[in-house]
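J.: Sharing a structure here in structure tokens format.
The values are calculated or read from the model by the stated rules, or taken from the named source; none is laboratory data. All values reported here derive from a predicted model rather than from experimental measurement. With ideal geometry, Cβ positions are generated from the backbone for all residues, glycine too; neighbour counts draw on all protein chains shown. For the accessible areas, the whole protein counts, side chains as well, though only heavy atoms, and no ligand, DNA or RNA atoms are used. Shrake-Rupley method; radii C 1.70, N 1.55, O 1.52, S 1.80 Å.
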Amino acid sequence: MAVKRKSNWYIYFIAFGITMAFAIGIILTFQDFLFPEDRQVATGLTPTGELSDDFRPDASHNFTLLTMIGDEAGAMPQLFMMVSYNAVENTVVFIPLPNGISVADSERTLPNVYAALGGTGAVKAVADATGITCDGYIGFDRAGFLRLVSSFGNVEYDVPKTLMVTDGAVRDAFNAGAQIFSPEAMFRYMYLAEFSEGESYRFSMVGDVLAQLINQNFRHIDSTMLDNYFKIITEVCDTDISQELFTSKKAALLNTVEYGSDIAEFYVPYGEYGEDGSFDIADNSIITITQKCGKTEE
């Protein structure tokens, strides 16, 4: 009497599943090389990370970041600034922010908001005051700022007037006139110099030197340098900027490097200071900030 063999269908099914999983893994690993056209459509970059010939920037490539600069690691930052990039107009706008803009809503200055709630809390406080929600934040201490700016370049700058600066136990001066600012000199000028004319004047000087830094050096940037900037930021700064966000904006940045001219400018908000340390940004100034950030009023 013949013996009926048992079916081993489940063995074939398991083998088929393992084979398919392996094939899918191979495709995902090498998709940039197997389907280079798809990568260009998604990011505007070639498989080697360069700008693709058919890339066209649009409003989806715009972004605004909140930057926070402090002196020592772990200390509260004292200089807050929105940095807005418009991919269509090929512009970068630096917008220094008074620390008191958050007092009306949170009863805390921006440094205290950051100390209590971190970068995410500072982003929300700025959004409450200006109506602009930043796409991310970067917190620099002195070492992080110097490392990033050192990879970017020096700046030729005409100091409008002689300024005293106290840096720890050292007290010296920035003399009026044309000079070359190293990253260290730039930090001391922005963060430690004594601007007797008040905060708005200081913000104008901070915005001006940053705009000069960009305008004098952006032509030298390439794909590899952008990758290096992102690496420095993620390694030494307090930030929530993701690889996905960086990759989605990289082609637009390379496009600006190629086609932009004098791309950087600054804008200083105006309004009224309160006795409680608050700063109420004027409605017209908020409108200007909204426009500078490439947003439309709702």
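J.: Give me the accessible area per residue for the range 148-280, probe 1.4 Å, as a whole number in Å². Present the calculation step by step, with values, prior to reporting the outcome.
T.: Working: 6560 Å² over 133 residues.
It amounts to 49 Å² per residue over the range 148-280.
J.: While we're on this one: Give me the extension gain from His220 to Ile287: residue separation times 0.36 nm, minus the current Cα-Cα distance, reported in nm with one decimal.
T.: Working: separation 67, 0.36 × 67 = 24.12 nm, distance 3.36 nm.
Using 0.36 nm per residue and subtracting the Cα-Cα distance, I get 20.8 nm.
J.: Among the listed pairs Lys161/Lys292; Lys250/Lys295; Lys250/Lys292, which are separated by more than 24 Å between their Cα atoms? List each step's numbers first, then the result.
T.: Details: Lys161/Lys292 29 Å; Lys250/Lys295 20 Å; Lys250/Lys292 20 Å.
Beyond 24 Å between Cα atoms: Lys161/Lys292.
J.: Under 5 Å between amide hydrogens, which residues at least 5 positions from Met82 or on another chain qualify, with H placed 1.01 Å from N in the peptide plane?
T.: Placed amide hydrogens put Thr67, Ile95, Leu97 under 5 Å from Met82.
J.: On to the next question. All other residues with a Cβ under 13 Å from the Cβ of Ala122 taken together, and with Lys, Arg as +1 and Asp, Glu as -1, what is their net charge? Each step should come with its number before you reach the end.
T.: Details: positive: Arg108, Lys124; negative: Asp105, Asp128, Asp238, Asp240.
Cβ neighbours under 13 Å give a net charge of -2.
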